[in-house]
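The structure under discussion appears below in the form of structure tokens.
Just so you know, all these numbers are worked out from the coordinates, no wet-lab data involved. Everything quoted here is computed from the prediction, not taken from an experiment. Every residue, glycine as well, gets a Cβ built from its backbone with ideal geometry; the counts of neighbours run over all protein chains shown.
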Amino acid sequence: MSEIKYAIRYFSREGSTKKLADAIAEELGIIAYDVNEPLVDPVDVLFLGGAVYRNDLDFEFRSFIETLDSELVGEAIVFSISSGNKMPYDVVKTILDEKGIKLNEKTYFCKGKKLFMNAGHPDIDDLKAVKIFARSIAREKEDK
Ligand SMILES: Cc1cc2nc3c(=O)[nH]c(=O)nc-3n(C[C@H](O)[C@H](O)[C@H](O)COP(=O)(O)O)c2cc1C
């Protein structure tokens, strides 16, 4: 059986998405890189993490997704955090659909801080939950 290849790319202004990315990385035994690191080798599963800023994806995160090569990505998975808006999945899906890259319908979302809202998130439970999510994706892939 061939080994499943994973990669993680994220954009994080204030470190919350990075915490989720690093938790996924720890679970999968890989390193999470930010979107300044281009994806050059083919992967079976690409985890894409980004937050919501002013009701949109950050420009850098969006630009990275727009540069993805469908030949290099078996499928993508979105993880995101924001003070309440779960929009990243739908926006990423629209971009990836146009590029012919499959987006897994499973996604991870947790609430993030904004001013005084949701202070302390992502917390230890959020990080445990994102690890469980990553493990369930990996199990699904390895069982195929
Ligand atoms: C300037 C700014 C604008 C934001 N706008 C939104 C927003 O429109 N909707 C929302 O749900 N969250 C919004 N947030 C909350 C962020 O999505 C949240 O803080 C997230 O955890 C940031 O992730 P990061 O630490 O990885 O950058 C905003 C945060 C900042 C700093």
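For the chain, with the dipole built from +1 on Lys and Arg beta-carbon atoms and -1 on Asp and Glu ones, taken about the Cα centre, which of Cys110, Ser136, Leu20 lies farthest toward the positive end?
Farthest towards the positive pole: Cys110.
Taking the highest mean first, how do the peptides 3-14, 51-62 order by number of other beta carbon atoms within 10 angstrom per residue? Mind showing how you got there, number by number?
Working: 3-14: 18.8, 51-62: 16.2.
Taking the mean over residues of other Cβ atoms within 10 Å, the ranking is 3-14, 51-62.
Assigning unit charges at the beta carbon (Lys, Arg +1; Asp, Glu -1) and nothing else, what dipole magnitude in debye, to the nearest 20, does the chain show about its Cα centre? Could you put the intermediate results ahead of the total?
Values: 21 positive and 26 negative charges, 115 e Å.
Roughly 560 debye, rounded to the nearest 20.
Restricting to DSSP H runs of at least four residues, report the calculated mean residue ellipticity at 222 nm for the chain, -39500 (n - 2.57) per run over all residues, nearest 500 deg cm²/dmol.
So the helix-based figure for the chain works out to -11500 deg cm²/dmol.
Just need the relative contact order of the chain here, percent rounded to a whole number, with Cα pairs under 8 Å and 6+ apart.
Numbers: 249 pairs, mean separation 34.8, N = 144.
Reported relative contact order: 24 percent.
Add +1 for every Lys or Arg and -1 for every Asp or Glu among the other residues with Cβ under 15 Å from the Cβ of Glu98, and state the total.
Values: positive: Arg62, Lys93, Lys99, Lys102; negative: Glu66, Asp69, Asp90, Asp97.
Net charge in that neighbourhood comes out at 0.
When we measure straight from the Cα of Lys144, which aspartates and glutamates land under 20 angstrom away, once same-chain ones fewer than 8 places off are left out?
Within the straight-line cut-off, Lys144 pairs with Glu3, Glu27, Asp44, Glu75, Glu105.
Run the quick spin-label model on Thr94 and Val40: label points 7 Å from Cα toward the beta carbon, then report their separation in nm to one decimal.
For the pair Thr94/Val40, the computed spacing is 3.3 nm.
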